[in-house]
Amino acid sequence: MKSQLSRLGRQLEQLAYRSLDQHLRVGITGLSGAGKTAFVTSLVHQLLHADAGQLPMWEVVQQGRLLGAARQPQPDLALLPFDYDAAIGGLCQSEPQWPPSTRGISEIRLALRYVPAKGLKRQLADHLTLYLDLVDYPGEWLLDLPLLGMDFASWSQQQWQILAEAPWAERAQPWLDQIVAHTSEARALDDSSLGVLATEYGELLKTLRRELSATYLQPGRALLPGELAGTPILAFFPLPPEALASPLAQRLASRYQAYVQQVVKPFYRQHFARFDRQIVLLDALGALDQGHAQCLQMAQSVQAIMQSFQYGPGSLLRRLINPRIDKLLFVASKADHITVDQHTNLLALTDSLTGEIGRRARFMGGRVETMVLSAIRASQQGQVDPGSGVVPVIRGRDSAGTPVTRFPGEVPRTLPQPEFWQRQGFAFGALAPPALPDPHAPLPHMRMDHLLEWLLGDKMR
Ligand code: GDP
């Protein structure tokens, strides 16, 4: 009887412990090239090697309460695993490589064991586990949210107008002319010709992104199709305004609707609705390097992405799902491209990119923050005196591996006017990654410990 009672006691105790274990699902997104893969790689590495003394601002480590972190089997078998080993392997090569960019959605799960700080948790359990799922997905997919509130004709008009504007028209004109020629002939197009035109539209979007750094491009899956590559659901494109009453417009409209119903909505229902916290990476420095139109478009894209986090009563998203994201962080990534004295300017610039929508989110009590960091630090800070006084510089290697010393220039606090680019150039070009002697060596970063405190601090008290 006594032993039965003590067994029961133990079982109840275990049950109480288990109910205290927690689970956190974090979405990580940003437009292509924003630094998502580098970020997830670093986040996992910092967690697995938290005892390397690189995370002074993360309270649970500072207080010696983190017992360890380990990778776990991923919970969603239908998702691609995030390839952490390949990413770290690339950094360990004799000529270190940046991890390959995010192409679709992927996931990795970690278990973090820690000693609770105080209170009931501490009384009930000598240690607890936080299960952390990191889900990396393209920000381009969030740019599709506005499609939910738009019919084909309005979407088409908006996209056509953008493509016909400078500087995008420079590359888009031949495709636009071709579509005008097809629609004015009023000849019926068979499915395979439609497929060809749609593929060419997808190629045009990729060219605009690659050569002109355009960001506000739709549909998002035309750029990063994930598992939808080559399927007819992507075979639609915008038409000139005068062709919007044609039979062709009706056919494209039904594909557009199918895309909205079968691709955009399911993404929000199956993935987005399950995120507890969300991190959005922004490469504001990359946009500055490109020019005024790119910066303006990036602001427009960021604000379109922000719509996914505006779920007040009656909002587009609230009608579709019941979002549960309680914290949202905008990260200005790759901060190792500039000298630290410019970090506050980069923070202000990132805030100004999120614009009115960002301010409203804060005002509505949403827990929105902005942070400047570098997931994988590829430069050292330094100083040089060219004869006219000491100036701060960064030292690293360019993408060809040649050592460089750069004065990257001043980062503006808000979006500059076009004349700014005539007066001042930027030198934020790519840097080669640091070499990692072995997969367990410390990975240099800037402020990943602040990020961990923001992300996990309240959950690990
Ligand atoms: P993704 O497309 O969002 O997954 O972006 P990636 O993680 O592939 O990053 C794109 C590129 O940005 C990389 O190949 C690097 O050149 C650069 N990058 C990303 N993070 C950092 C960083 O912390 N520091 C530096 N110097 N470059 C970075």
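The values are calculated or read from the model by the stated rules, or taken from the named source; none is laboratory data. Bear in mind the structure is a predicted one, so any value in this text is a computation, not a measurement. Backbone-built Cβ (ideal geometry, glycine too); neighbour counts: all protein chains shown.
Can you tell me which of Arg113, Arg109 is more than 22 Å from the chain's Cα centre (by Cα), under 25 Å from Glu453 (Cβ atoms) and of a type in the set (Lys, Arg)?
Residue meeting the stated conditions: Arg113.
Tell me, which strands (runs of 3 or more DSSP E) wholly within the stretch 326-388 include 3 or more residues that are under 22 Å from Ala430 (Cβ atoms), away from the ligand (no atom under 16 Å from the Cβ) and at pLDDT below 85?
none
Inspect all residues belonging to the stretch 192-200 and state whether any of them is outside any helix (DSSP H, G or I) and either over 15 Å from Arg255 (Cβ atoms) or among the polar types (S, T, N, Q) (or both).
So in the stretch 192-200, the residues outside any helix (DSSP H, G or I) come out as none.
The answer is no; no qualifying residue exists.
I'd like to check something: does the stretch 68-83 contain any residue that is closer than 25 Å to Leu431 by Cβ and either modelled with pLDDT of 95 or more or surrounded by 14 or more Cβ atoms within 10 Å (Cβ to Cβ) (or both)?
yes
Taking the stretch 6-54 as the search range and keeping residues that are polar (S, T, N, Q) and under 22 Å from the mean Cα position of the chain (by Cα), which one is modelled with the lowest pLDDT?
Here the answer is Ser32.
Here's the yes/no breakdown for (1) modelled with pLDDT under 95; (2) of a type outside the set (A, V, I, L, M); (3) part of a helix (DSSP H, G or I); (4) buried (at least 22 other Cβ atoms within 10 Å of the Cβ):
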residue	(1), (2), (3), (4)
Leu248	yes, no, yes, no
Arg251	yes, yes, yes, no
Leu281	no, no, no, yes
Gly286	yes, yes, yes, yes
Asp289	yes, yes, yes, no
Cys295	yes, yes, yes, yes
Met298	yes, no, yes, yes
Val302	yes, no, yes, yes
Ile305	yes, no, yes, yes
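Exactly one of these conditions fails for Gly33: (1) within 15 Å of the ligand (Cβ to nearest atom); (2) in contact with a Leu (Cβ under 6 Å, 6 or more places away or on another chain); (3) not aromatic (Phe, Trp, Tyr). Give me its number.
(2)
Name the one entry in Leu148, Leu143, Leu204, Leu176 that is within 16 Å of the ligand (Cβ to nearest atom), of a type in the set (A, V, I, L, M, F, W, C), in contact with a helix residue (DSSP H, G or I) (Cβ under 7 Å, 6 or more places away or on another chain) and part of a helix (DSSP H, G or I).
Values: Leu148 fails: within 16 Å of the ligand (Cβ to nearest atom); Leu204 fails: within 16 Å of the ligand (Cβ to nearest atom); Leu176 fails: within 16 Å of the ligand (Cβ to nearest atom).
Within the list Leu148, Leu143, Leu204, Leu176, the selection yields Leu143.
Restricted to the stretch 120-140, and to residues that are without any contact (Cβ under 8 Å) to a residue 12 or more places away in the chain and part of a helix (DSSP H, G or I), which residue is farthest from Ile325 (Cα to Cα)?
Gln123
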